Amino acid sequence: SNNVAVASLAYALGPTAVLFGKHIDKLEADAQKKIRTLPVILGEARSRYTVLGMLIAQYGVIAYLVVVGYFTPAMLVSFAAVPSLRRVFATYRNPRPAEAPADLPAGVWPLWFVAVTFWYNRRFGMFFLLGLVGDIALTRW
């Protein structure tokens, strides 16, 4: 059904944002090699804001599906990941630094955007799964 496709989009936007973050991190190298990823085509700034839009859209999709009755309000537990967006927004509002910040854990650099996006996606995914289990418990048992 269309609602199943929309529901899958709620989660799929997270891994898509992770991949986008990875390609923003590699943007200069890809551009030099003439590899035309979407971040190369859009440019760094537009790509950064596209990722933020994807992550915000996750919540819009969930809210829509609760409002239309496809999901029960149990899915709103996914919104518990919203505070984690502060860290993502703080990272994505600025261009990628030229070198590793001193407080970045060892082994992360040269990854910058993908690291914070993956961190966020793990949190969102955990709450999303919890919401799905709650939704199933309320509707199927």
- [ ] Can you tell me which residue within region 26-57, out of those that are polar (S, T, N, Q) and either farther than 23 Å from residue 109 by Cβ or assigned to a helix (DSSP H, G or I) (or both), is least open to solvent (accessible area, probe 1.4 Å)?
- [x] 47
Task: Enumeration of residues in region 58-81 that are surrounded by 15 or more Cβ atoms within 10 Å (Cβ to Cβ) and not in a helix (DSSP H, G or I) - done: 70, 71, 72
TODO: Could you tell me whether any residue of region 13-23 is closer than 25 Å to residue 134 by Cβ, in a helix (DSSP H, G or I), among the polar types (S, T, N, Q) and open to solvent by 20 Å² or more (accessible area, probe 1.4 Å)?
DONE: yes
- [ ] Within region 91-124, count every residue that is among the aliphatic types (A, V, I, L, M), open to solvent by 50 Å² or more (accessible area, probe 1.4 Å) and in a helix (DSSP H, G or I).
- [x] 0
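The values are calculated or read from the model by the stated rules, or taken from the named source; none is laboratory data. Just so it is clear, the structure is predicted and the values come from calculations on it, not from any experiment. Glycine gets a Cβ as well: all are built from the backbone with ideal geometry, and neighbour counts include every protein chain shown. For the accessible areas, the whole protein counts, side chains as well, though only heavy atoms, and no ligand, DNA or RNA atoms are used. Shrake-Rupley method; radii C 1.70, N 1.55, O 1.52, S 1.80 Å.
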